[in-house]
1. For each of 34, 61, count neighbouring Cβ atoms within 10 Å of the residue's Cβ, then give the residues from fewest to most.
2. Take every DSSP beta bridge whose two residues both sit in the chain, then give the antiparallel share in percent to the nearest 5.
3. Per residue of the chain, what 222 nm ellipticity follows from adding -39500 (n - 2.57) for every DSSP H run with n ≥ 4, rounded to the nearest 500?
4. So for 164, 135, fewest C-beta neighbours within 10 Å to most, what's the order?
5. Report, in whole Å, the centroid distance computed from the Cα atoms of segment 162-181 and segment 21-78.
6. Can you match Cα extents along the principal axes in Å to one of these, (i) 59, 48, 28; (ii) 54, 43, 42; (iii) 51, 40, 37, based on a calculation from the structure here?
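Just so it is clear, none of the values below were taken in a lab; they were calculated from the coordinates. This structure is a prediction, so every number in the text was calculated from the model and none was measured. Note that we place each Cβ from the backbone using ideal geometry, even for glycine, and neighbour counts take in every protein chain shown.
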């Protein structure tokens, strides 16, 4: 990052996206922020340069490391379209807008490989459709942690299809540190801090009452806020450098 480029951690990516369209695909500010943040040295020291000049491709990298097509994903679901939570939302006096808004700041955004392998689902698609994940980012990161340990998870198959991508980061700690996810894991990088009580992948991923939903929201928002601060600190340090 040069001195003229900065990241506004309060920016709502819906604000520069056409009405009713997807910020992950169409917010120019979000794509710029992803390019600024993740074009940097990998744990190996090799530069992971991303470009956004290929028509129809969100972000692209091609070097001796390989070729990678990345897409954006807003990773913290509010579950606002879950029918069985409608009675809960009706009882939240402040509504959901605050939760939705912070979810569309950079701390609630990630990139994953966006190309289909063998015509099968991408990581974004698989984590959204799997009934034991339901778009939960904490559960997705647990699957990624297990991938690095060669352990099984609901996303084992899709993560294995993108094994070359995950090898870029060396190990789970390398992945976490590259994407500034330290606030989602334990200090020793051996575990994930879940947004709700969790009993392996047998637990329901979607909260089902007011208490569990509010607890989930509090922890999810706390993670986004902490990651936003981490992103701001990283950006300030690299502008100064």
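1. 61, 34
2. Percentage antiparallel, nearest 5: 95.
3. Working: 10 runs with 94 residues, N = 241.
Calculated at 222 nm, the ellipticity per residue is -11000 deg cm²/dmol.
4. Starting with the residue having the fewest Cβ neighbours, the order is 164, 135.
5. Spelled out, the Cα-based centre of one part sits 14 Å from the other.
6. (iii)
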